[in-house]
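The values are calculated or read from the model by the stated rules, or taken from the named source; none is laboratory data. Note that the structure is a prediction, hence the values are computed from the model and not measured. Cβ placement follows ideal geometry from the backbone for every residue including glycine, while neighbour counts extend to all protein chains displayed.
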Amino acid sequence: MDWILILFFAALAVALTIIIYTLTTLPQLGDERKNFIKMKAQSYSFGVVIFCLCFEVVRSLYQSTFGAGTYSNMNPFTFLVAISIVYLISLLIAKRKYSV
């Protein structure tokens, strides 16, 4: 296996472990506050996903029209790791900001 793939698997495992830990510690707060924190983190992550996908669409159109006609697709595993890390960071920021 390539060392980059091992690094991505490790980053994904760490991000998922911290996400699960953070989500399991949220029930100590109130129901409304817990839902608000999750909603804030999810909405920010969704915005990042939409931005990345729109960027990829524009990039593919540009390369198809003005480039050599070839477009290298984005790697879904890299995209998953990046979005997991964005969700983790936004979840930690929202928890720190909105929990007392």
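Being in a loop (DSSP other than H, G, I, E, B) and not polar (S, T, N, Q) is a property that does not hold for residue 39.
Condition check: without any contact (Cβ under 8 Å) to a residue 40 or more places away in the chain and either in contact with a helix residue (DSSP H, G or I) (Cβ under 6 Å, 6 or more places away or on another chain) or not in a helix (DSSP H, G or I) (or both). Does residue 34 satisfy that? Yes; evaluated as a whole, the condition is true for this residue.
Closer than 15 Å to residue 47 by Cα, under 9 Å from the mean Cα position of the chain (by Cα), of a type in the set (Val, Ile, Thr) and surrounded by 15 or more Cβ atoms within 10 Å (Cβ to Cβ): does that describe residue 81?
In short, no.
Within region 15-70, being hydroxyl-bearing (Ser, Thr, Tyr), modelled with pLDDT under 90 and surrounded by 15 or more Cβ atoms within 10 Å (Cβ to Cβ) holds for 22, 60. If you go through region 47-100 and keep only what is not in a helix (DSSP H, G or I) and not small (Gly, Ala, Ser), you end up with 70, 71, 73, 74, 75, 100.
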